[in-house]
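Take a look at the structure below.
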Amino acid sequence: TPRVFSGIQPSGNLHLGNYLGALKRFVDMQGPEMETVYCMVDLHAITVWQDPKELAHSTRELCAGFIAAGIDPEQSILFNQSQVPEHAQLAWIFNCVARMGWMQRMTQWKDKAGKNQQNASLGLFAYPSLMAADILIYHATHVPVGEDQKQHLELTRDIAIKFNNDFGVDFFPVTEPVIEGAATRVMSLRDGTKKMSKSDPSDMSRINMTDDADAIAQKIRKAKTDPDALPSEIDGLEGRPDARNLINIYAALADRSVEQVLADVGGKQFGEFKPMLAELAVAKLSPISSEMARLMNDQAEIDRILARGAERARAITAPILKRTYEIVGMVS
Ligand code: AQP
């Protein structure tokens, strides 16, 4: 059976972009024809500073978010990265396979390190190598992610290919990125040319999964738009990034295509469309946020779920790491 792997960083502010670009699609991929493995990637989160107390809180909250959104911890393997040490162990091997030049070309590295690269953590630089290990330690074949992770997935393929070539084996699979749907790149509500992101200083730029109905409605009401009416065909969104973003969000939340949505709302002004979007967003997101809050009342249960998930994950990762060590020539 095909195996799906993906992860989300427990770095706080789980938002609508994470939900539509990742989490909702993780839920859609659950089923008997796929083995699904989902991870809170805390080792990735600490590539930039995380307050220890907040990291622990965000990890549990993210786990609650997965479950509230529809991940069944019996059906999927749901766990925390640092509890499965093979991720970091394989990442070290990959650090020795990947080249500095590959990492230097990564746009996420350039964006996050900013001007002062000398002062960024070594972990931030090596981030894609750990991500390759996350995926390949499961021999995962399908990786659902948002558009922003495309370059890292290409690098994962390069690492798999180079490892196989270097050691003359056909061991790591060449993974397929799964970047599909209307919301592979949800944009900021304040600027339709910028990605909706956890670290945007403006809370009005994103809808957090913990926002209540009033906050969601207010953020949509204040979202940036242009003065024109909505088009009835997709070409009419050309050069209108804010309009496109709100339509994409509507389509993804409604599980409909952008074309279908435009056929319905074409001709409407934003004054009419925004309340429709707010109503849909509240209807879809409120049950998730209230379930998250409920689950967070029993953190011992969350910890049990994570421990059980890690145990199941290790049943897959331990043999793959062992075989990798043998291939590399490590005495065991
Ligand atoms: N705006 C987005 N639209 C669609 N998908 C998105 N993802 C993130 N932002 C969007 C997808 O969510 C998954 C988990 O991402 P992550 O944990 O790596 O978070 P991130 O990319 O660090 O999130 P942010 O908000 O972008 O954080 P900062 O502000 O720190 O850069 C991935 O599949 C990602 O594609």
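Taken together, the values in this text are just the output of simple stated rules run on the coordinates, not laboratory data. Just so it is clear, the structure is predicted and the values come from calculations on it, not from any experiment. In this analysis, Cβ positions are derived from the backbone assuming ideal geometry, glycine residues included, and neighbour counts consider all displayed protein chains.
Assorted remarks:
- The equivalent ellipsoid of the chain has semi-axes of 36, 22, 19 Å, largest first, where each one is the square root of 5 times an eigenvalue of the Cα gyration tensor.
- FRET E, pair Lys162, Ser332, Förster distance 22 Å, beta-carbon r, rounded to 0.05: 0.45
- A simple rule links phi to the HN-Hα coupling: the Karplus curve 6.51 cos²θ - 1.76 cosθ + 1.60 with θ = phi - 60°, which for the stretch 280-293 gives 5, 4, 5, 4, 7, 8, 4, x, 5, 5, 6, 5, 4, 4 Hz, with x for Gly and Pro.
- Computed about its Cα centre, the charge dipole of the chain is approximately 800 debye, with only Lys, Arg, Asp and Glu carrying charge at their Cβ.
- Potential lengthening between Gln75 and Glu147 on full extension [0.36 nm per residue; Cα-Cα distance subtracted]: 23.3 nm
- Eigen-decomposition of the gyration tensor built on the alpha-carbon atoms of the stretch 1-61 gives equivalent ellipsoid semi-axes of 25, 12, 9 angstrom, largest listed first.
- Simple Cβ-charge dipole of the stretch 183-235, Lys/Arg +1 and Asp/Glu -1, about Cα centre, in debye nearest 20: 280 debye
- Chain lengthening between Glu180 and Lys198 when straightened (0.36 nm per residue, less Cα-Cα): 4.3 nm
- Using a Förster distance of 45 Å, the FRET efficiency for Ser257-Ala56 (Cβ separation, nearest 0.05): 0.65
- Extended-chain gain in nm, criterion 0.36 nm per residue less alpha-carbon gap, Ala283 and Met34: 86.8 nm
- Computed from phi, the 3J(HN,Hα) profile of the stretch 7-17 under the Karplus parametrisation 6.51, -1.76, 1.60 (θ = phi - 60°) reads x, 9, 6, x, 10, x, 6, 4, 10, 4, x Hz, with x in place of Gly and Pro.
- Inter-label distance for Arg105 and Ala318, nm, one decimal - labels placed 7 Å from Cα along Cα-to-Cβ: 3.9 nm
- Glu238-Gln117 FRET efficiency (beta carbon distance; Förster radius 51 Å; 0.05 resolution): 0.90
- Backbone N under 14 Å from the Glu311 label point (7 Å along Cα→Cβ), restricted to the stretch 59-75: 74
- log10 of Debye I(q)/I(0), alpha-carbon scatterers only, for the stretch 205-332 at 0.09, 0.13, 0.17 Å⁻¹: -0.48, -0.68, -0.87
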